[in-house]
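Report on the structure given below.
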Amino acid sequence: MIEKVGVIGAGQMGSGIAQVCAVAGLSVAISDINAEQLAKSLANIAKNLDRQIAKGKLTEPEKDAAMARIATSTDLSIFKDSDLVVEAATESEDVKRLILKALVPNLPPKAMIATNTSSISITRLAASTDRPEKFIGMHFMNPVPVMQLVEIIRGIATDDDTFQSIKALTARLGKTAAIAEDFPAFIVNRILLPMINEAVYTLYEGVGGVEAIDTAMKLGANHPMGPLELADFIGLDTCLSIMQVLYEGLADSKYRPCPLMVKYVEAGWLGRKVGRGFYDYSGPTPRPTR
């Protein structure tokens, strides 16, 4: 049974994964190369739990207990007694491979490894470790505490014990599992990102402006958030990375990333996290940039 969970990466996804694990009663260790980011992660988790208290979904003692279950370190040795470590670093195969190779010497033989990748081959990432049979994809949705879905993806070598353990953990976290095959971008992003990319093409070709495109999809297709607003929320660098995985992995021109998305990423206009993407977030309300 999984009782001690490690998380690599103290960004939005890693913090969310750590939060839901701690609230579920699991012991959690978070590692990041940046000590300031670890402190920020703990502060964000505490703030999120305060929101849940305000909504009546959590009590103050439950928050205190959850926070007490979380430890942090810049050293991967914090995972020396983990049952499972979830890698939640940036969506780059090279970065993930380096992290996984550094992680393995710091794990007990029994430990499983999950990656939170949203698009990259589980089988290839598993080959970077000494335990491909104990390696699996566990793709949480953003924001993790709110979104109910977890995509579970087996690599070619993933054994059944690992698969069943991760399914049981997903249920314990109060999430619903969708089982996906190990194809580029799996289920959610295989469908979602081409739609976002097409919205960017629609903007690029002058069919509509940012507001018109988002309004059309919110009111015409009943989407809670327009595709360009959603791209900013996800991060345009992440969107581009996923489209590149689809384009290279499936060799189909329909997945070619829109040149405008490429330009925005080259400019550093990555969306909400930097204050500018398809919208400018510097003022009290977001303003379209095109």
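The values are calculated or read from the model by the stated rules, or taken from the named source; none is laboratory data. From a predicted model like this one, the values you see are computed outputs, not experimental measurements. Virtual Cβ from ideal backbone geometry, glycine too; neighbours counted across all protein chains shown.
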Among the residues of the range 17-28 satisfying the criterion of being in contact with an Asp or Glu (Cβ under 9 Å, 6 or more places away or on another chain) and either charged (D, E, K, R) or not in a helix (DSSP H, G or I) (or both), which is farthest from Phe79 (Cα to Cα)?
Gly25
Anything in the range 238-264 that is touching a helix residue (DSSP H, G or I) at 6+ places or on another chain (Cβ under 7 Å) and buried (at least 20 other Cβ atoms within 10 Å of the Cβ)? List them, or say none.
Cys239, Leu240, Ile242, Met243, Leu246, Tyr255, Pro257, Cys258, Met261, Tyr264
Condition first: surrounded by 19 or more Cβ atoms within 10 Å (Cβ to Cβ), at pLDDT below 95 and within 27 Å of Ile120 (Cβ to Cβ). Can you find one or more residues in the range 267-275 that meet it?
no
Pairs, please: C-beta under 6 Å, at least 6 apart or cross-chain, first residue touching a residue at least 24 places away in the same chain (Cβ under 8 Å) and in the same structural domain as Ile196 (by TED's automatic domain parsing) and in the range 211-238, second part of a loop (DSSP other than H, G, I, E, B) and crowded, with 20+ Cβ neighbours inside 10 Å?
Leu228/Phe278; Asp232/Gly277; Asp232/Phe278; Gly235/Leu270; Leu236/Leu270; Leu236/Gly277; Asp237/Leu270; Thr238/Glu91
Condition check: of a type outside the set (Val, Ile, Thr), buried (at least 19 other Cβ atoms within 10 Å of the Cβ) and on the phi > 0 side of the Ramachandran plot. Does Gly25 satisfy that?
no
Selection from the range 138-152 of residues in contact (Cβ under 8 Å) with a residue 40 or more places away in the chain, among the aliphatic types (A, V, I, L, M) and in a strand (DSSP E or B) yields Met138
Based on what the data block shows, is Thr117 surrounded by fewer than 22 Cβ atoms within 10 Å (Cβ to Cβ), β-branched (Val, Ile, Thr) and touching an Asp or Glu at 6+ places or on another chain (Cβ under 8 Å)?
no
Given the residues Ala127, Ala111, Ala89, which is the only one that is hydrophobic (A, V, I, L, M, F, W, C) and surrounded by fewer than 16 Cβ atoms within 10 Å (Cβ to Cβ)?
Ala127
Filtering the range 133-143 down to residues that are more than 15 Å from Thr238 (Cβ to Cβ) and buried (at least 20 other Cβ atoms within 10 Å of the Cβ) yields Lys134, Phe135, Ile136, Gly137, Met138
Out of curiosity, is Gly6 among the small types (Gly, Ala, Ser) and in contact with a Ser or Thr (Cβ under 7 Å, 6 or more places away or on another chain)?
yes
One residue from Lys254, Lys273, Lys263 being free of Cβ contacts under 8 Å to residues at least 24 places away in the same chain, out of contact with any Asp or Glu (no Cβ under 6 Å at 6 or more places or on another chain), assigned by TED's automatic domain parsing to the domain that holds Ile213 and part of a helix (DSSP H, G or I):
Lys263
Can you find a residue that is assigned by TED's automatic domain parsing to the domain that holds Leu169, surrounded by fewer than 21 Cβ atoms within 10 Å (Cβ to Cβ) and in a helix (DSSP H, G or I) anywhere in the range 78-86?
yes
Unmet requirement for Gly206, which otherwise passes all of (1) crowded, with 19+ Cβ neighbours inside 10 Å; (2) without any contact (Cβ under 8 Å) to a residue 60 or more places away in the chain; (3) not in a helix (DSSP H, G or I)
(1)
Selected residue [under 18 Å from Ser92 (Cα atoms) and in a helix (DSSP H, G or I)] from Glu248, Glu198:
Glu248
Close pairs (8 angstrom Cβ cut-off, 6 or more residues apart or separate chains): assigned to a loop (DSSP other than H, G, I, E, B) in the range 159-187, surrounded by 15 or more Cβ atoms within 10 Å (Cβ to Cβ) and of a type in the set (Phe, Trp, Tyr) anywhere
Lys175/Phe140
